[in-house]
Amino acid sequence: MNLAILCTIPAAALLAACSSKEKPVAALEIGALPVMERVALGANRCWFKSKDPLFAAYRLAPELNSFTGTPRILIVKKHSPESRPLLVVQAQGSPVKLDAFGPLMSDTAIHARVSEDVNHWARGGKDC
């Protein structure tokens, strides 16, 4: 599988990315789980609930409660959720490092969309 590093988010970058209308989150409060919660909510809302045709054949399988400290979301076939994931987006460390990998990342349109959206949501963006 092709490993694509989406972004490394140092605490200073996260604080700088906050909009002036929102109260900045203290660097100590930012961790892998809150970042992946943002990403999971954005992916669910913008890719699946919106019925985005690019993701119509897939479904979201979040695995945020990780005992390894690596929360992640999986994208699997819509009618075969038990099958091997086609896309994994995961976060770990401090500063948070996001990785996305899997067969879907070889599709240029999906790769670009995943990279853009995941980085946007990880930095606190809520829109699609």
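The values are calculated or read from the model by the stated rules, or taken from the named source; none is laboratory data. Predicted model, so just to flag it, every value in this text is computed and none were measured. Every residue, glycine among them, receives a Cβ derived from its backbone with ideal geometry; neighbour counts consider all protein chains shown.
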Scan the stretch 32-45 and report the pairs whose first residue is at positive phi and whose second residue is among the hydroxyl-bearing types (S, T, Y), with Cβ atoms within less than 8 Å and a gap of 6+ or a chain change.
none
Looking only at the stretch 57-65, decide whether some residue is in a helix (DSSP H, G or I) and surrounded by fewer than 14 Cβ atoms within 10 Å (Cβ to Cβ).
no
Out of (1) assigned to a helix (DSSP H, G or I); (2) surrounded by 20 or more Cβ atoms within 10 Å (Cβ to Cβ), the one C46 does not meet is (2)
Please determine, by comparing only the residues of the stretch 79-108 that are among the small types (G, A, S) and in contact (Cβ under 8 Å) with a residue 60 or more places away in the chain, which one is surrounded by the most Cβ atoms within 10 Å (Cβ to Cβ).
A100
Checking N2, N65, N44 in turn, the sole residue that is touching a Pro at 6+ places or on another chain (Cβ under 9 Å) and at pLDDT 95 or above turns out to be N44
May I ask you to list the residues in the stretch 66-78 that are in contact with a helix residue (DSSP H, G or I) (Cβ under 6 Å, 6 or more places away or on another chain) and either part of a loop (DSSP other than H, G, I, E, B) or in contact (Cβ under 8 Å) with a residue 60 or more places away in the chain (or both)?
P71
When every residue in the stretch 85-109 that is among the polar types (S, T, N, Q) and touching a helix residue (DSSP H, G or I) at 6+ places or on another chain (Cβ under 9 Å) is compared, the one farthest from F55 (Cα to Cα) is S94
